[in-house]
1. Helix-only estimate, please: 222 nm mean residue ellipticity of the chain, summing -39500 (n - 2.57) across DSSP H runs of length 4 or more and dividing by its residues, to the nearest 500.
2. May I ask you to derive the FRET efficiency for residue 92 and residue 167 from their Cβ-Cβ distance with R0 = 25 Å, giving the value to the nearest 0.05?
3. Relative to the present Cα-Cα distance, how much length would full extension add between residue 207 and residue 174 at 0.36 nm per residue of separation?
4. Contact order normalised by length for the chain, with contacts defined as Cα pairs under 8 Å and 6 or more residues apart; what percent is it?
5. Mind jotting down the three principal axis lengths of region 124-228 based on Cα atoms? Whole angstrom, largest first.
6. In whole Å, what is the distance between the alpha-carbon centres of region 191-228 and region 115-139?
7. FRET efficiency for residue 26 and residue 150, Cβ-Cβ distance as r, R0 = 30 Å, nearest 0.05?
8. So if we plug the beta-carbon distance of residue 184 and residue 228 into 1/(1 + (r/R0)^6) with R0 = 41 Å, what FRET efficiency do we get, rounded to 0.05?
Ligand SMILES: *Cc1c(COP(=O)(O)O)cnc(C)c1O
């Protein structure tokens with residue numbers, strides 16, 4: 001199946017899943033994770049209607065952003081300090097913030113560009129050592145440390161579920177959804193003006209996105225089902 005056909009099919013499946021879960025399809029963004037293909041592949045998905053793309057390597061992000069600037073590019077990979085300027089310059093949203101020192105650099109870089117950048121905090125819900133993300137216990141402290149950074153728009157939480165275990169994925173997504181509610185309540189106390197925009201749940205990939213949507217995901221990050 002072509003990339004265009006795959007995108008159209010998955011887009012319809014995501015919309016159908018929203019409807020059967022009593023959710024508004026407009027509340028769920030389908031993020032096309034184009035990390036395994038070149039710019040031609042991303043352009044094919046764009047032609048089929050994709051507007052949000054995910055990349056996990058700064059070089060690829062920079063290259064594809066400059067080739068297709070009319071799309072929204074999301075950074076979903078490990079953040080390295082020395083690449084933060086590039087990441088900020090090309091990202092519509094950064095999904096993978098795990099360190100306060102990176103938040104400070106992102107804030108500075110955004111200030112330098114004269115704009116705010118949307119950021120999600122990555123949470124390691126399952127506690128697996130192989131996974132990145134902050135511990136759920138550390139979310140409030142992390143918010144405390146970032147709340148003064150005016151060029152960062154804190155938009156919510158992101159996670160990766162354990163692979164190959166749908167029951168564990170379900171548990172992981174339910175927990176992230178509860179952590180978002182707890183964090184919103186906390187923001188309501190410490191920074192009420194920041195509460196409403198802290199509403200995104202970036203969770204769900206090719207193998208587990210229907211479960212994520214049932215648990216309240218607002219951004220599903222799908223690679224293989226579109227590009228493989
Ligand atoms: C690669 C990747 C995805 C997409 O995974 P698929 O299983 O191919 O859908 C989603 N999120 C992150 C952070 C990734 O690195």
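Every number in this text was worked out from the coordinates using simple rules, so none of it is lab data. Bear in mind that the values here come from a model prediction, so they are computed numbers and not experimental data. Note: ideal-geometry Cβ built from the backbone for every residue, glycine included; neighbour counts use all protein chains shown.
1. -13500 deg cm²/dmol
2. The computed FRET efficiency comes out at 0.15.
3. Value of the extension gain: 10.2 nm.
4. About 20 percent, as a whole number.
5. Result for region 124-228: principal-axis Cα extents of 41, 26, 22 Å.
6. Centre-to-centre distance over Cα atoms comes out at 14 Å.
7. Result of the calculation: an efficiency of 0.55.
8. Once the sixth-power term is evaluated, E becomes 0.70.
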